[in-house]
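Visitor: Pasting a structure below so you can have a look.
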Amino acid sequence: MTAGWIRGGKALLFFICLVPLAKLAMETFGVAGLSLGANPVEELIHRFGIWGLIFLLITLAVTPLRQLTGWNWLIRFRRMFGLFAFFYVLMHFLTYAGLDQRFDLAVILEDVVERPFITIGFIAFLLLIPLAATSTNGMMRRLGRRWQKLHRLVYIIAILGVWHFYWQVKLDTLESLVYALILAGLLGFRIWRKYVRSAHP
């Protein structure tokens, strides 16, 4: 794929990744009869979190898909998926902290300490911050091999994200289990590839 196609693909992908945000904005302001339902703040928190998790899983899916298809150009889009994962998780947290808790730090801290699903979600959010901050080419060059080690945190973050969602939904766990199975498949593929490479150097 040529550089022109890559640039065009990135521009198109950028706008596609903004579609969930645009839809949420339309629902928030009641555009075209859309609505977030009876509890709009709770729905916003939930939907931002879901999209953060989806983009995180898409980011993890890039490498297996590239290895299975030979489409090496896919790697050029992984960073954007990762940054959008961070963006939607950030919006998830800010909606909770700002709209739900009015930035009351005492209440937020109490939730983080006393409610386990918020604890692990907050840890995942904190771990995402250095990954987003070091996503530039300059930081990759500056950190060298340490960059790869740091960005392996994404596996822990994804596990915590699915776990956070599973604990949060309490009763209707089917959707969270689907995400858990997808994540298990993505991580399992990596383990299998590593085993194959070690068995056949």
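Visitor: What angle, in degrees between 0 and 90 and rounded to the nearest 10, separates the Cα long axis of helix 40-69 from the longest principal axis of the Cα atoms of the chain?
Guide: 10 degrees
Visitor: Which of the peptides 84-90, 147-153 is most tightly packed, and how do the rest follow, going by the mean number of other Cβ atoms within 10 Å of each residue?
Guide: By packing density, highest mean first, the sequence is 84-90, 147-153.
Visitor: Have a look at 33, 49, 185 and tell me which one the Gaussian network model of the chain (Cα, springs below 10 Å) gives the largest fluctuation.
Guide: Top of the fluctuation ranking is 33.
Visitor: Next question, about the same structure. Sum -39500 (n - 2.57) across every DSSP H segment of at least 4 residues in the chain, then divide by the residue count to get the 222 nm mean residue ellipticity, nearest 500.
Guide: -26500 deg cm²/dmol
Visitor: Provide the packing ranking of 12-24, 109-121, 52-64, i.e. peptides ordered by the mean count of other C-beta atoms within 10 Å per residue, highest first.
Guide: Answer by packing, highest mean first, reads 52-64, 109-121, 12-24.
Visitor: Next question, about the same structure. For the Cα atoms of the chain, what angle does the longest principal axis make with the long axis of helix 19-28, in degrees from 0 to 90, nearest 10?
Guide: The angle comes out near 0 degrees.
Visitor: Provide the per-residue ³J(HN,Hα) series for region 114-126, in order, calculated from phi with Karplus coefficients 6.51, -1.76, 1.60 and θ = phi - 60°, each as a whole number of Hz, with x at glycine and proline positions.
Guide: Calculated HN-Hα couplings, in order: 9, 10, x, 5, 6, 4, 6, x, 5, 4, 4, 4, 4 Hz.
Read the figures in this text as sums done on the coordinates, not as results from a lab. Everything quoted here is computed from the prediction, not taken from an experiment. Because the Cβ atoms are built from the backbone with ideal geometry, glycine has one as well, and the counts that use them run over all protein chains shown.
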